[in-house]
Amino acid sequence: MGIENLRPELQDSFKKIPSLPFHIKPLIPIARFIYNIAAKSKLDDGVEVRTERHGAFEMRVFTPKFAKSDAGVLWCFGGGHVAGNADHVNGIANHICKKTGATVFAPAYRLAPRHPFPANLDDAFNCWTHIVSNAASYGVNPDKLAIGGNSAGGGLAASLAQRILDEGGPQPKAQILFYPMLDDRTAADHSKDALGTVIWQNKANRTAWGVYLSPHAPGAATLPDYAAPARRQDLSSLPPTWIGFGDVDLFANEDQIYAQRLKDAKVECEVEFVPGAPHAFEAICPDVPVSIDFVASAMEFLVQRIGSASAT
């Protein structure tokens, strides 16, 4: 599952990406530092951004300058639960603001190993409840909110959807999951170490899940609720879901299984499967047709649930 298995238009870009030592726990801070610089995306001129702190949590707020609607989207950044920051949401916020006119909220959630589960879920949930409670001040309708995320952020968004469902109150109109990190049992399967997946390998996955779930180990018989969203038995009543991933991705199998389980639970679920696409391909190669189509599919699904940029 190396570079030679990628779509030709993606290969040159991925050849230039160094392997970061996320698989070595003492080196996570170094890997995080490099990743955080490399993964930062640009913000379009048509989007304004500000940072807000509310008690114990912080979030980034992205507002379209033109054609603003009364919808809102909470988006969780990726980084294996051990890296990443809200700057990485710039790119997807551009698309959401432009296509839907929604205000985008990005929790600046805490990271493992220093802050294992449930710290980041608490931060995301506090962000959600703050948005719902203060919807009028943000110009959003609590009945037109969605959630989403990429990679570990996609897994966090899936956990958040589950917790919101159990807590009651306004529910997300959709969840948008880009190649989500859903299942710790993938990390516990040492046979997957030989896959040689690009960007994120199973040894890094195992270390990341290990520090995130501490004191529990990946693959433990039981975990706390929401720690690994794929562990939830009952997926019924979750919001309509768009889930996208490539086949050259460590998470492809767990994502496919989760999507099928959602469908089996009578949850509307649209799957965007991209042959020859590795993890984070649309962020690393945003201008190739396959990436453009991938994001466009997610945005169209979102528009169908919360409206378009022309909404007032």
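The values are calculated or read from the model by the stated rules, or taken from the named source; none is laboratory data. This is a predicted model, so every value here is computed, not measured. Using ideal geometry, Cβ is built from the backbone for each residue, glycine included, and neighbour counts are taken over all protein chains shown. These accessible areas exclude ligands, DNA and RNA; they are computed on the full protein's heavy atoms, side chains included. Shrake-Rupley method; radii C 1.70, N 1.55, O 1.52, S 1.80 Å.
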#### Entry: Set of lysines near K15 by C-alpha distance (under 29 Å), chain-local residues within fewer than 8 positions excluded
K25, K40, K42, K192, K203
### Per-pair calculated FRET efficiency, R0 = 30 Å: E167 and K263 via Cβ, rounded to 0.05
0.75
### Summary
Expected max-MSF residue from A283, A86, A56 in the GNM of the chain (alpha carbon, under 10 Å) is A56
### Query
Which value at 222 nm does the chain reach when only helices count, each DSSP H run of 4 or more adding -39,500 (n - 2.57), with the total divided by all residues and rounded to the nearest 500 deg cm²/dmol?
-11000 deg cm²/dmol
### Task
Project the alpha carbons of the range 115-173 onto their principal axes and report the range along each, largest first, in whole Å.
33, 21, 20
#### Entry: Amide H partners (placed H, <5 Å) of A174, local residues excluded
I147
### Query
Once Rh for the range 15-114 is found with the Kirkwood sum over Cα pairs, what is the Stokes-Einstein diffusion coefficient at 25 °C and 0.890 mPa s, in µm²/s?
169
## Note on the structure
Once phi for every residue in the range 81-87 is put through the Karplus expression 6.51 cos²θ - 1.76 cosθ + 1.60 (θ = phi - 60°), the whole-Hz ³J(HN,Hα) values, with Gly and Pro written as x, are 6, 10, 8, x, 7, 5, 4
### Task
Could I have the simple spin-label model distance between Q256 and K40, label points 7 Å from Cα toward Cβ, reported in nm to one decimal?
3.8
### Task
Report the label-to-label distance for R114 and S19 in nanometres (one decimal), using points 7 Å from each Cα along the Cα→Cβ vector.
2.8
### Computed label-point distance, nm, for sites I30 and D193 using a 7 Å Cα→Cβ extension
2.1
### Query
Shape call for the range 68-124 from the C-alpha gyration tensor, a ≥ b ≥ c root eigenvalues: rounded (a/c under 1.5), prolate (a/b greater than b/c) or oblate?
prolate
### Inter-part distance where the range 205-226 and the range 162-197 are each reduced to a Cα centre, Å
13
### Exposure rank, largest accessible area first [V288, V271; 1.4 Å]
V271, V288
### Message
Quick check for me: using +1 on Lys/Arg Cβ and -1 on Asp/Glu Cβ, what's the dipole size of the chain about its Cα centre, in debye to the nearest 20?
### Response
620
### Task
Scan [x] 25; [y] 36; [z] 42 for the value of percent of Cα pairs over 30 Å apart calculated from this model and give just the label.
[x]
### Message
For a test of the definition: using alpha carbon positions, the gyration tensor, and the 1.5 limit on a/c, classify the range 156-305 as rounded, prolate or oblate.
### Response
oblate
### Task
For a label point 7 Å from the Cα of D247 along Cα→C-beta, name the residues of the range 1-40 whose backbone N is under 18 Å from it.
1-11
### Message
Just to confirm a number: summing +1 for Lys and Arg and -1 for Asp and Glu over residues other than H81 whose beta-carbon lies under 14 angstrom from that of H81, what do you get?
### Response
+1
### Message
Out of the total accessible area of the chain (probe 1.4 Å, heavy atoms of protein only), what percent is carbon and sulfur?
### Response
52
### Summary
So the FRET efficiency between E300 and Y138, C-beta based with R0 = 41 Å and rounded to 0.05, is 0.95
